[in-house]
Number of protein chains: 2
Amino acid sequence: MSMRLQDVSETAPLRSCTHEYKVNCETCRLSKICLPLAINHQDLEQLESIIQRSKPLQKNELLYHEGTPFQSIYAVRSGAVKGYRTTSDGREQVTGFYFPGEILGMDGISNNSHASSARALETSAICAIPFDSLERLSASMPSLQRHLFQLMSREITEDQLLITLLSKNSADERVATLLLSIASRNARRNLSASQFRLPMSRVDIGNYLGLTVETISRVFSRMQKNGILCVDNKEIEILDQEALQLAANIAN
Amino acid sequence: MSMRLQDVSETAPLRSCTHEYKVNCETCRLSKICLPLAINHQDLEQLESIIQRSKPLQKNELLYHEGTPFQSIYAVRSGAVKGYRTTSDGREQVTGFYFPGEILGMDGISNNSHASSARALETSAICAIPFDSLERLSASMPSLQRHLFQLMSREITEDQLLITLLSKNSADERVATLLLSIASRNARRNLSASQFRLPMSRVDIGNYLGLTVETISRVFSRMQKNGILCVDNKEIEILDQEALQLAANIAN
DNA sequence: CCGCGGCCATGATGCAGATCAAGAATCGGC
DNA sequence: GCCGATTCTTGATCTGCATCATGGCCGCGG
């Protein structure tokens with residue numbers, strides 16, 4: 001049995017019930033991978049002033065919903081969030097998982113209404129950044145403007161990677177690629193790249209990768225049998241990084 | 001046999017060999033769906049001054065290539081372009097088709113190098129818009145800045161639609177959805193939404209939709225037999241819009 | 001006019017992953 | 001700490017599309 005890490009915040013501990021939480025970008029461990037890249041102290045204070053932090057989302061709580069008026073983009077401070085869109089026949093398609101330091105919600109800009117929904121996969125602290133303020137600020141801060149363009153551009157290239165994955169790769173390759181992606185994002189936050197807890201269910205993984213739950217289970221089992229992984233429910237250990245990379249890279 | 005429309009420019013006719021071609025945004029039939037949305041006359045002149053137009057690309061010519069330094073985004077003025085990325089094992093994944101009035105190349109912003117390649121599907125006239133100039137300009141033109149954010153955001157939502165299509169839909173649904181997308185983009189340019197020439201090969205369609213050439217052929221044949229389409233090589237006529245919509249919407 | 005190369009169509013067969021089914025493990029509420 | 005609900009695993013079977021194979025068509029150069 002493994003320790004539960006679910007509710008451990010990666011930033012300062014949260015006060016229980018005040019309206020605004022005592023955190024700021026300057027002391028945030030994630031600042032380097034989040035918004036304020038290449039911004040000086042003064043600018044940071046300005047940015048700081050528009051960012052809103054509300055009380056943490058509980059597991060399964062909705063951050064925003066498709067069709068809802070777009071106002072803010074969001075930064076994950078702790079926990080994990082899934083983005084998804086609902087098809088006309090009511091099924092959902094998971095379009096991404098978002099971990100601490102990552103930004104979501106930018107698909108809402110084009111129509112002033114969210115094109116997708118976002119839901120907490122576990123208890124999660126989120127920073128909301130009102131987009132109109134951000135827009136105004138970025139007109140006078142070239143580095144911020146640039147950073148925003150880059151963030152959106154990265155989202156595009158990542159979506160294109162997923163498109164390629166879905167279109168060209170086998171089940172094993174897809175799963176391996178996802179695990180490696182999570183591992184490297186963990187590394188970026190100075191967490192273990194070889195041992196972690198998946199915050200999402202098998203259903204969500206399958207949905208994201210265009211596969212069924214059963215297939216995800218089978219791939220995990222197979223990789224366990226082959227000594228590539230150690231899988232204990234949501235707890236994953238990568239035993240053979242090389243082999244996993246190989247499994248992912250066969251065609252990608 | 002149907003008339004060939006391949007090389008007909010949708011804007012002013014092109015001179016044969018001068019360095020800069022005589023076209024401008026103000027008289028461009030596509031201005032409404034291209035960049036200069038919500039920009040006044042003065043601003044337009046400024047924007048105009050940075051846009052470069054070079055001699056048309058011939059069929060199969062490369063517009064930009066993966067890994068190449070990123071300098072400009074591109075607007076299609078006539079013809080058609082495919083965007084694609086090359087997987088590590090050398091195969092390609094088509095990530096989008098771009099028609100007149102549409103913008104491509106924004107995936108290059110995040111790393112200052114193109115994350116994908118783009119190739120002309122037929123003789124095509126392209127406007128290159130140097131991104132650093134655009135960035136500078138947009139800092140002083142809020143409407144332009146907003147327009148750029150919106151363009152990128154739209155690219156994101158469109159990629160997410162493709163992700164959903166690849167992940168959840170059958171071959172018939174995918175093909176039907178693509179045809180409807182092309183039809184509606186034609187309509188936006190005041191061209192026929194029911195009769196058009198596909199600028200891309202079956203291979204490219206299959207690649208884009210995550211299917212093989214054979215499957216594309218079969219779907220076309222089946223839809224022809226069912227009276228939904230009339231297919232004459234690359235010439236497509238949609239005979240039963242309703243049925244096609246139905247075929248696309250089964251799960252989407 | 002013929003012959004060659006690229007593109008397209010269509011049939012026969014195979015297979016990866018979906019679907020169906022049934023248990024086992026884990027979670028969450030009381 | 002128990003019990004129902006949910007999530008996960010594993011097996012058996014089915015199926016949509018890939019793959020393989022072949023032949024037709026069209027455009028182009030000689």
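The values are calculated or read from the model by the stated rules, or taken from the named source; none is laboratory data. The shown structure was predicted, so the numbers you read here are calculated from the model rather than taken from an experiment. Please note: Cβ atoms are built from the backbone with ideal geometry, for glycine as well, and neighbour counts cover all protein chains shown. Just the protein is used for accessible areas: all its heavy atoms, side chains included, with ligands, DNA and RNA removed. Shrake-Rupley method; radii C 1.70, N 1.55, O 1.52, S 1.80 Å.
Of note:
- Solvent-accessible surface, computed for protein heavy atoms with a probe of 1.4 Å, shrinks by 20 Å² or more for the following residues of segment B:156-179 when the other protein chains are added to the isolated chain: B:ILE156, B:THR157, B:ASP159, B:GLN160, B:LEU161, B:ILE163, B:THR164, B:LEU166, B:SER167, B:LYS168.
- Relative contact order of chain B, pairs being alpha-carbon contacts under 8 Å that are 6 or more residues apart, as %: 18
- Fraction of the pair-distance distribution of the protein assembly as shown above 37 Å, Cα-Cα pairs, percent: 32
- Taking all protein chains as shown and a probe of 1.4 angstrom, A:THR27 keeps an accessible surface of around 100 Å².
- Heavy-atom accessible area for B:THR86, with the other protein chains in place and a 1.4 Å probe, reaches approximately 60 Å².
- Distant-in-sequence amide contacts of A:SER72, defined by a placed amide H-H separation under 5 Å and a gap of 5 or more residues or a different chain, comprise A:PHE131.
- Put B:SER170, A:SER110 in order of accessible area, highest first, and with a 1.4 Å probe you get B:SER170, A:SER110.
- Take A:ARG136, move 7 Å from Cα toward the beta carbon, and the resulting point lies 2.7 nm from the same point in each other copy, nearest first.
- Distances between equivalent label points of A:ASN226 across the copies, with each point positioned 7 Å along Cα→Cβ, amount to 3.8 nm, shortest listed first.
- Along each principal axis, Cα extent of segment B:199-252, largest first, Å: 27, 26, 18
- Report summary: the helix-based calculation at 222 nm, which adds -39500 (n - 2.57) for every DSSP H run with n ≥ 4 and divides by the residues of chain B, gives -12000 deg cm²/dmol.
- In percent, rounded to a whole number, the relative contact order of segment A:41-141 is 43, using alpha-carbon pairs under 8 Å and six or more apart.
- Probe 1.4 Å, protein heavy atoms only - accessible area per residue of the protein assembly as shown in square angstrom: 45
- Percent accessible area from carbon and sulfur atoms, segment B:147-249, protein chains only, probe 1.4 Å: 48
- In Å, descending, principal axis extents of the Cα set of chain A: 54, 39, 32
- Interatomic Cα distance distribution for segment A:142-193, bins of 5 angstrom, percent: 5, 18, 15, 19, 20, 14, 6, 2, 0
- Under 30 Å from the Cα of A:LYS168 - lysines, other chains or at least 8 residues apart: A:LYS82, A:LYS225, A:LYS234, B:LYS59, B:LYS82, B:LYS168, B:LYS225, B:LYS234
- Scattering curve values for segment A:41-141, log₁₀ I(q)/I(0), Debye with Cα scatterers, q = 0.16, 0.17, 0.23, 0.24 Å⁻¹: -0.68, -0.76, -1.23, -1.30
- Taking the label point 7 Å along Cα→Cβ, A:ASN60 and its counterparts in the other copies are spaced 5.8 nm apart, in ascending order.
- Accessible area that becomes buried as A packs against B, both chains, 1.4 Å probe, Å², nearest 100: 4300
- Under 5 Å, built H, 5+ apart or other chain: amide partners of B:GLY101: B:VAL76, B:ARG77
- Nearest-20 debye value, segment A:40-162 charge dipole, Cβ charges on Lys, Arg, Asp, Glu: 220
- Per-pair calculated FRET efficiency, R0 = 51 Å: A:VAL213 and B:VAL203 via Cβ, rounded to 0.05: 0.95
- Mean Cα-pair separation over length for segment B:170-249, i.e. relative contact order, pairs under 8 Å, 6 or more apart, %: 37
- B:HIS65 accessible area, assembled protein chains, probe 1.4 Å, Å²: 80
- Förster radius 35 Å - calculated FRET efficiency between A:ARG136 and B:GLN245, Cβ distance, rounded to 0.05: 0.25
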